[in-house]
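Student: So that we are looking at the same thing, I have put the structure below in structure tokens.
None of the figures in this text is laboratory data; all of them are computed from the coordinates on show. Just so we're clear, the structure is a prediction, and the values are computed from it rather than from any experiment. Positions of Cβ are backbone-derived with ideal geometry, glycine not excepted, and every protein chain shown enters the neighbour counts.
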Amino acid sequence: MFGSAINTLNAPTKLDAFKQSGSNFARRDAYLGEILPNTTVSAYLASMQSGTGVSDPATWDWSKYDPWITDYYNRGIKILLIMSYNTGWLSHDGTWWSPPTNWVVYEDVVKKNLSALSR
């Protein structure tokens with residue numbers, strides 16, 4: 001098993017070269033602040049009760065992730081996906097780098113991200 005930590009390896013020709021080098025997995029980041037809609041903790045909790053709205057992964061923005069995840073899997077490259085940082089509305093100080101204010105919401109977000117991004 002040989003792999004790399006490369007956060008911007010998206011070009012198909014570079015992916016082919018990566019695979020041909022003998023690499024079969026790569027570490028990549030999924031930034032929660034890029035995926036989750038802008039909301040509040042209370043709105044997310046209410047949405048969890050109904051199963052619709054902002055807690056529904058169908059409302060999240062996967063556009064930066066779906067294309068390269070598909071390209072990796074089509075080439076047989078496994079992904080060690082890191083759930084990176086936080087989102088401002090869920091953090092103590094409004095930044096991506098602060099711990100969550102609500103661990104129930106954070107756990108729900110991480111589970112749904114892993115489920116949606118796993119193939």
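Student: Which percent, nearest 5, of DSSP beta bridges in region 1-103 are antiparallel?
Tutor: If I count the DSSP bridges inside region 1-103, around 10 percent turn out antiparallel.
Student: For region 1-110, which semi-axes, largest first and in whole Å, follow from the square roots of 5 times the eigenvalues of its Cα gyration tensor?
Tutor: Semi-axis lengths for region 1-110 are 32, 14, 11 Å.
Student: Still on this model: When the Karplus curve 6.51 cos²θ - 1.76 cosθ + 1.60 is applied with θ = phi - 60°, which whole-Hz ³J(HN,Hα) does each residue of region 88-99 get, with x for Gly and Pro?
Tutor: x, 5, 9, 9, 5, 10, x, 10, 6, 9, 9, x
Student: Whole-Hz Karplus ³J(HN,Hα) for region 23-33, in order, using 6.51 cos²θ - 1.76 cosθ + 1.60 and θ = phi - 60°, x for Gly and Pro?
Tutor: 6, 10, 8, 9, 8, 9, 9, 10, 8, 4, x
Student: Among the lysines in the chain, how many pairs, 8 or more places apart or on different chains, have alpha carbons under 20 Å apart?
Tutor: Lysine pairs meeting both conditions in the chain amount to 8.
Student: Using +1 at the Cβ of each Lys and Arg and -1 at the Cβ of each Asp and Glu in the chain, identify which of 24, 92, 51 lies farthest towards the dipole's positive end.
Tutor: Going by the charge dipole, the pick is 24.
Student: Non-local amide H neighbours of residue 84 (under 5 Å, H modeled in plane, Pro and chain starts lacking H): which ones?
Tutor: 30, 31, 32
Student: Per residue of the chain, what 222 nm ellipticity follows from adding -39500 (n - 2.57) for every DSSP H run with n ≥ 4, rounded to the nearest 500?
Tutor: That comes out to -11500 deg cm²/dmol.
Student: Give me, ordered by chain and number, the residues 5 or more places off residue 79 or on other chains with an amide H under 5 Å from its own placed amide H.
Tutor: Close amide H contacts, sequence-distant or interchain: 26.
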